[in-house]
Amino acid sequence: MGVKAGGTIVMRLKLLVLMGAALLFGGRPAIAAPGEDIGATVRIVNLVTAEYAADQRRLATGDNVRQDELIEVGADGTGEIRLRDNTQLALGPGSRLLLDEFVYKPDISGGAIVLNLVRGSFRFITGIAAKPAYVIRTPSASITVRGTIFDVYVQASGMSWLLLIEGAVEVCNERGDCGLHDEPGKLIRITPDGDVGNPIKWASLQTDGQPFEAAFPFVV
């Protein structure tokens with residue numbers, strides 16, 4: 001009786017070890033730690049820098065980019081980045097972007113790809129991660145992705161503009177108020193207080209004199 005019980009315990013321990021190994025090596029998502037590579041630049045024009053933990057470097061085409069890294073584009077520069085899930089990001093002159101979080105695995109629907117748009121002009125094209133994984137943050141709201149391509153312009157004042165190119169997005173402020181934007185070719189305004197406007201044409205908005213081609217250079 002004692003031998004049988006002991007053998008049962010050994011078998012259970014072996015099973016637990018095998019299950020633990022499977023979870024450790026087979027089921028773990030690609031979780032990037034701070035400072036870990038999460039993608040690379042595909043095109044750099046003029047001055048584009050990356051800063052992580054007080055370490056600043058000048059980026060060149062083909063350089064890796066890291067989680068928690070602040071990407072800053074010079075006044076006459078542009079940059080394009082591709083993340084490990086094939087998400088594509090374009091950054092216009094004077095832009096600042098924080099690569100906040102990257103958790104991704106091709107065969108699961110979970111994950112989290114979080115980007116903070118601090119200032120400037122951006123184009124976002126989704127990769128192959130599940131759409132709910134993406135969260136794009138502006139100074140006063142968060143954008144969750146239901147479609148594939150959109151541009152964002154963030155002013156120094158915190159005012160943001162979102163131009164939908166293809167698909168749909170949902171915009172939510174800190175108060176939990178959300179709005180769906182599913183009209184390609186139109187844009188919405190997000191105020192510094194988080195108020196989200198209805199989709200309209202650029203000509204209908206008060207833009208403080210900012211020309212369309214400066215706010216959305218990737219369309220032009």
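Here are the numbers:
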read-out: Test set (1) closer than 21 Å to Leu97 by Cβ; (2) open to solvent by 40 Å² or more (accessible area, probe 1.4 Å); (3) in contact with a strand residue (DSSP E or B) (Cβ under 6 Å, 6 or more places away or on another chain) - Gln210 fails condition number; value: (3)
read-out: Residue selected from segment 58-84 under the condition surrounded by fewer than 13 Cβ atoms within 10 Å (Cβ to Cβ) and not small (Gly, Ala, Ser), by the criterion modelled with the lowest pLDDT; value: Asp76
read-out: Lone unmet requirement of (1) within 19 Å of the chain's Cα centre (by Cα); (2) part of a strand (DSSP E or B) for Pro139; value: (2)
read-out: Test result for Leu180, crowded, with 16+ Cβ neighbours inside 10 Å, of a type in the set (A, V, I, L, M) and part of a strand (DSSP E or B); value: no
read-out: Residues located in segment 161-177, provided they are open to solvent by 40 Å² or more (accessible area, probe 1.4 Å) and free of Cβ contacts under 8 Å to residues at least 40 places away in the same chain; value: Glu166, Glu170, Glu174, Arg175, Gly176, Asp177
read-out: So Phe122, is it aromatic (Phe, Trp, Tyr) and over 20 Å from Leu99 (Cβ atoms); value: no
read-out: Given (1) within 10 Å of the chain's Cα centre (by Cα); (2) open to solvent by less than 10 Å² (accessible area, probe 1.4 Å); (3) more than 19 Å from Glu69 (Cβ to Cβ), index of the condition Leu115 fails; value: (3)
read-out: Thr87 hydroxyl-bearing (Ser, Thr, Tyr), modelled with pLDDT of 95 or more and in contact with a Gly (Cβ under 8 Å, 6 or more places away or on another chain); value: no
read-out: Qualifying residues in segment 97-110 (those that are more than 14 Å from Asn86 (Cα to Cα), modelled with pLDDT under 90 and not β-branched (Val, Ile, Thr)) - the one most open to solvent (accessible area, probe 1.4 Å); value: Asp107
read-out: Residue in segment 146-160 that is part of a strand (DSSP E or B) and open to solvent by 70 Å² or more (accessible area, probe 1.4 Å) present; value: no
read-out: Filter pass, Pro132 being open to solvent by 50 Å² or more (accessible area, probe 1.4 Å), assigned to a loop (DSSP other than H, G, I, E, B) and of a type outside the set (Val, Ile, Thr); value: no
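The values are calculated or read from the model by the stated rules, or taken from the named source; none is laboratory data. Because the structure is a prediction, the values reported are computed rather than measured. Neighbour counts run over all protein chains shown; Cβ positions are idealised from the backbone, glycine included. Side chains included, ligands, DNA and RNA excluded: accessible areas come from the protein's heavy atoms. Shrake-Rupley method; radii C 1.70, N 1.55, O 1.52, S 1.80 Å.
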